[in-house]
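Please treat every number below as a calculation from the coordinates, not as lab data. It should be emphasised that the depicted structure is a prediction, and the values quoted were computed from it without experimental measurement. Neighbour counts are summed over all protein chains in view; Cβ atoms, including those assigned to glycine, are modelled from backbone coordinates with ideal geometry.
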Amino acid sequence: MPEAETLGRLKESLVEICLTEGVRVDHRLAQLTTYRVGGPAALFVRPCDMTELLGIAEALADTEVPSLIVGRGSNMLVAEAGFKGVVIQLGPSFENSLVRGTRLTAGGAASLPGVARFSVAEGLTGFEWAVGVPGSIGGAVRMNAGGHGSEMAEVLIEATVLDLELATSSTFSAAQLHLGYRCSSVSPRQVVTSATLALKEGDRAQGSELMAEIVRWRRENQPGGQNSGSVFANPPGDSAGRLAELAGVKGLRIGTAVVSERHANFIQVDQGGSADDVFVLMFEVRRRVLEVHGVELHPETVLVGFDGAP
């Protein structure tokens with residue numbers, strides 16, 4: 001854990017860099033995640049442009065203070081103890097999208113549903129599936145996000161990535177990013193600032209109907225409330241939700257967290273609940289699935305600030 005003096009010096013450096021929104025101390029991260037629980041970040045910054053982001057990277061390079069990139073917080077669980085470092089969330093200028101022919105370039109902070117709707121409005125098809133994924137473009141590249149039978153690897157041409165350790169920005173082809181099932185070679189110390197997608201000419205009315213169908217399906221088949229979507233990645237050839245349901249965990253509750261009665265791979269947390277309860281429940285589900293099926297589930301949820309997390 002960084003010393004208070006080190007954090008103090010870093011804060012002073014960041015204040016000089018982040019002139020637009022400044023630096024926040026002990027900033028609550030719960031409001032930045034879809035779980036709506038969790039502790040604070042020691043320091044929080046939202047760079048407004050590449051100049052500020054590069055400045056943050058250069059300031060961090062002189063310290064051993066840990067950093068965390070937060071997008072839409074749709075697959076992240078932050079411990080109640082919080083994060084003892086710097087949390088970076090890209091500002092609004094990283095949310096822009098533009099179309100050239102059938103290629104769409106979107107900023108790393110752009111929301112997937114927003115980009116999906118924008119693509120259809122521009123007469124393109126191939127990204128409608130993303131309307132049902134509540135994340136950001138940057139997070140989607142890093143995790144190779146997917147849904148409804150599609151994933152980022154199918155449409156991604158290239159992504160621009162800023163390395164916080166080297167304080168340099170580079171553009172990589174999709175092949176160079178080694179996209180796999182819910183993973184890529186993008187490290188936690190790298191920020192995806194933009195991505196370019198290869199789409200096709202489409203029909204606006206058909207695209208709109210497909211998106212409406214996807215939204216309807218999600219409302220009918222997936223739970224609402226405070227959750228982060230699928231908790232565990234599907235093991236090869238099987239479904240984490242199926243395995244969890246057969247292990248009898250639906251409705252299982254620990255403190256303020258409960259496994260959804262609608263879908264066994266979703267955990268919901270009560271309003272004002274505890275992230276630590278969610279964490280304990282996750283690994284109780286994992287233990288029971290291993291005991292019943294002999295299959296070890298791996299979290300799809302990004303765990304931040306927890307001791308003993310695998």
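In nm, give the distance between the simple-model label positions of Ala61 and Ala4, each being 7 Å from the Cα along the Cα-to-Cβ direction.
3.1 nm
Calculate, for Asp307 and Ala121, the FRET efficiency according to 1/(1 + (r/R0)^6) with r their C-beta to C-beta distance and R0 41 Å; round to the nearest 0.05.
So the FRET efficiency works out to roughly 0.35.
Segment 197-221 to segment 1-54: how many Å between their Cα centroids?
36 Å
Take the alpha carbon gyration tensor of segment 223-302, find the square roots of its eigenvalues, order them as a ≥ b ≥ c, and report rounded if a/c is under 1.5; if not, report prolate when a/b exceeds b/c, else oblate. Provide the component values of the computation, followed by the final result.
Values: a/c = 1.75, a/b = 1.64, b/c = 1.07.
Prolate shape, in that a/c is at least 1.5 and a/b is the bigger ratio.
Cα centroid distance between segment 146-181 and segment 229-246, in Å?
Segment 146-181 and segment 229-246 have Cα centres separated by 25 Å.
Treating only the Cβ atoms of Lys and Arg (+1) and Asp and Glu (-1) as charged, compute the dipole magnitude of segment 4-89 about its Cα centre; round to the nearest 20 debye.
Details: 8 positive and 11 negative charges, 96 e Å.
So the dipole magnitude of segment 4-89 works out to roughly 460 debye.
Can you bin the chain into rounded, prolate or oblate? Criterion: square roots of the alpha carbon gyration tensor eigenvalues sorted a ≥ b ≥ c, rounded for a/c under 1.5, prolate for a/b above b/c, oblate for the rest. Before the final figure, lay out the partial values.
Details: a/c = 1.83, a/b = 1.07, b/c = 1.70.
Oblate shape, in that a/c is at least 1.5 and b/c is the bigger or equal ratio.
Take every DSSP beta bridge whose two residues both sit in segment 1-130, then give the antiparallel share in percent to the nearest 5. Provide the component values of the computation, followed by the final result.
Working: 9 of 16 bridges.
The antiparallel proportion sits near 55 percent.
Please tell me the relative contact order of segment 1-123 in percent, rounded to the nearest whole number, where contacts are Cα pairs under 8 Å and at least six residues apart. Mind dumping the intermediate values first?
Working: 215 pairs, mean separation 30.1, N = 123.
Contact order relative to length: 24 percent.
About its Cα centre, how strong a charge dipole does the chain have in debye, to the nearest 20, once Lys and Arg get +1 and Asp and Glu get -1 at the Cβ?
On the way: 26 positive and 36 negative charges, 152 e Å.
Its charge dipole is roughly 740 debye.
For the charge dipole of segment 179-220, defined by +1 on Lys and Arg C-beta atoms and -1 on Asp and Glu C-beta atoms about the Cα centroid, which residue among Ser208, Leu179, Leu197 has the Cα displaced farthest towards the positive pole?
Selected residue: Leu179.
What percent do you get for the relative contact order of the chain when only Cα pairs under 8 Å and 6+ apart count? Each step should come with its number before you reach the end.
On the way: 682 pairs, mean separation 52.4, N = 310.
After rounding, I find 17 percent.
Once the other residues with Cβ under 13 Å from the Cβ of Gly85 are scored (Lys, Arg +1; Asp, Glu -1), what is the net sum?
Net local charge, Gly85 excluded: 0.
Name the shape class, rounded, prolate or oblate, that the alpha-carbon gyration tensor gives for segment 19-127, where a ≥ b ≥ c are the square roots of its eigenvalues, rounded holds for a/c under 1.5, and otherwise prolate holds if a/b is larger than b/c and oblate otherwise.
Numbers: a/c = 2.93, a/b = 1.64, b/c = 1.79.
Since a/c reaches 1.5 but b/c is at least a/b, the shape of segment 19-127 is classed as oblate.
Tell me what the chain gives for mean residue ellipticity at 222 nm when only DSSP H runs of n ≥ 4 count, each as -39,500 (n - 2.57), the sum divided by the residue total, rounded to 500 deg cm²/dmol. Each step should come with its number before you reach the end.
Numbers: 7 runs with 87 residues, N = 310.
For the chain, the value works out to -9000 deg cm²/dmol.
Report relative contact order for segment 94-220 in percent, whole number only (criteria: Cα-Cα under 8 Å, sequence separation at least 6).
Numbers: 265 pairs, mean separation 39.6, N = 127.
Value for segment 94-220: 31 percent.
Just to verify a number: FRET efficiency for Leu19 and Arg100, C-beta to C-beta distance, R0 = 22 Å, to 0.05?
Details: r = 32 Å, r/R0 = 1.45.
E between Leu19 and Arg100, to the nearest 0.05, is 0.10.
Consider a paramagnetic label point 7 Å from the Cα of Ser208 along Cα→Cβ; state which residues of segment 96-125 have an amide N under 16 Å from it.
Counting backbone N atoms under 16 Å from the label point, the list is 116-125.
Nothing charged except the Cβ atoms of Lys and Arg (+1) and of Asp and Glu (-1): what's the magnitude of the dipole of segment 159-257 about its Cα centre? Round to the nearest 20 debye.
On the way: 10 positive and 9 negative charges, 69 e Å.
That gives segment 159-257 a dipole magnitude of about 320 debye.
Could you name the lysines whose alpha carbon sits less than 22 Å from that of Lys84, not counting residues in the same chain fewer than 8 places away?
Those lysines meeting the cut-off are Lys11.
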